[in-house]
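Q: Just dropping this structure here.
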Amino acid sequence: MHLFFRDRMKGIAMVLVGASLWGISGTVAQALFHREGIHADWLVTVRLLCSGLVLLIWASLNKQKIWAVWRSLRDAGQILCFGLIGLLGVQYTYFISIEAGNATTATLLQYLGPAFITLYVALRLKRWPQRKDVAALALALLGTFLLVTNGSLKGLTVPVPAVVWGLLSALTAAFYTVYPSEMIRRWGSMTTIGWGMLIGGLGMGLFSPPWTIRDAHLSVHSLLLVAFVVLFGTLISFYLYIDSLRYLSPAEVGVLGSAEPLSAAVMSVIWLHHVPGLFEMIGGISIMATVAILSSKKNERKVITVTQKGI
C-alpha cells in the first residue's frame, strides 16, 4: 500500500511539473515574440528540429527501431502526414496565436481540442452525443465566449487573429491526437513524435531556416529563453508526462494536465503583467472543466494522450 501511494504521488508530481513546464514555455515564447523580436515561424523551426533530433536519439538508445517508419510507402506517407499536418500544424498555429495575442488565451483555446474530438467521434460513429458530451460542449462554447469577450457583447477583448489561430490550433491538436494512435502502437511514442517533430521542423525550415532570423538580434538572454522552450518546455516536460502514465491512468493525467493553462496564466501575471478579467478567468475554468468531463468518460480517455503533449 505504501509503495502504491508513493508511486501515485510520484506520477502526480511528474505530470504536474511536466504540464506546468509546457504552460511556462508558452509564456516564455510570448516574451520572445513581444520583447525580443523573435518570430513564431523561426521558433517553431528551431523547437521542432532540436526536439525531434533529441527524441530520435533517445529512442535509438532505448533500442527502438527508429527506421522502421520508412519500410513502406504507406508508413512513410503516414509519418509525413503526421509531421507536416499534425505536429507542424499545431506548433505553428499555437505559436502564431501567442504572437498575435497572449500565451494564456492561446493555451486555453488549444484546450478545446477534446471538444472537437468528441464531435468527430459522434460524426464517425453516426450517433448523437451523450448528455455528458452535450454538457461539455456547451460549457466549452460558454468558456470560449467568456474568454475572448470578457463577458461583453460589444466585441472581442482578444485580437481576432489570435482567436482564429487559437481555434485552428485546437483543430490541429484534435487531428494529431487521433491520427497517430496506430503508429504509436507499432513504433512507440518517442519514435513517432520524434520523426513527426523532425519532419515538421524540416518543412517549416523551408520557409524559415534556423540560420536566418528576421528583425531580431539574438542575445545571450534570448538564446537562454529559446533553450528553455526546447529543453524544459518540450523535452523534459514530454519525458515527465509520458513517464507519469506508468503510475496514473490517461484520464487522471488528462485532468492533472490542466496545470498547463494555469501555469501559463500565473506566469503571465507575474512576469508579463497580463491580468485577465473576471469573465476571462471564468471562461478559462469552464474550458478546463470541459477537459475534465471528457477525460472522465471511458470512451473518451484517448482524448488526452501523450501525443497531444508534443506541444
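The values are calculated or read from the model by the stated rules, or taken from the named source; none is laboratory data. As the structure is a computational prediction, the values presented were derived from the model and not from experiment. Cβ coordinates were reconstructed from backbone atoms using ideal geometry, including for glycine residues, and neighbour counts include every protein chain displayed.
Q: Taking helices (runs of 4 or more DSSP H) that fall entirely within region 101-175, which contain at least 3 residues that are of a type in the set (Gly, Ala, Ser) and either over 22 Å from Ser258 (Cα atoms) or in contact with a helix residue (DSSP H, G or I) (Cβ under 7 Å, 6 or more places away or on another chain) (or both)?
A: Result: 113-125, 131-149.
Q: I've got another one for you. Which condition number does Lys302 fail, the rest of (1) more than 27 Å from Cys50 (Cα to Cα); (2) of a type outside the set (A, V, I, L, M, F, W, C); (3) in a helix (DSSP H, G or I); (4) modelled with pLDDT under 75 being met?
A: Here Lys302 meets the rest and fails (3).
Q: Could you tell me whether Thr105 is of a type outside the set (A, V, I, L, M) and either in contact with a Pro (Cβ under 8 Å, 6 or more places away or on another chain) or modelled with pLDDT under 95 (or both)?
A: Taking the combined requirement at face value, the residue satisfies it.
Q: Moving to a separate point now. Scan region 1-28 residue by residue and report those that are of a type in the set (A, V, I, L, M) and under 12 Å from Trp271 (Cβ atoms).
A: Ile24, Val28
Q: All but one of (1) of a type in the set (A, V, I, L, M); (2) surrounded by fewer than 24 Cβ atoms within 10 Å (Cβ to Cβ); (3) more than 15 Å from the chain's Cα centre (by Cα) hold for Ile24, so report the exception by its number.
A: For Ile24, the exception is condition (3).
Q: Working carefully through the options Thr172, Thr191, Thr177, find the one that is crowded, with 21+ Cβ neighbours inside 10 Å, modelled with pLDDT under 90 and of a type in the set (Val, Ile, Thr).
A: Answer to the selection: Thr177.
Q: Restricting the search to region 1-60, which residues are touching a residue at least 60 places away in the same chain (Cβ under 8 Å) and outside any helix (DSSP H, G or I)?
A: Hits for region 1-60 are Glu36, Gly37, Ile38, His39.
Q: Check every one of the helices (runs of 4 or more DSSP H) wholly within region 207-279 and list those with 1 or more residues that are crowded, with 20+ Cβ neighbours inside 10 Å and of a type outside the set (A, V, I, L, M, F, W, C).
A: 237-244, 250-256, 259-270
Q: Here is a further query. Only one of these conditions is not met by Ser60: (1) modelled with pLDDT of 95 or more; (2) out of contact with any Asp or Glu (no Cβ under 9 Å at 6 or more places or on another chain); (3) hydroxyl-bearing (Ser, Thr, Tyr). Which number is it?
A: (1)
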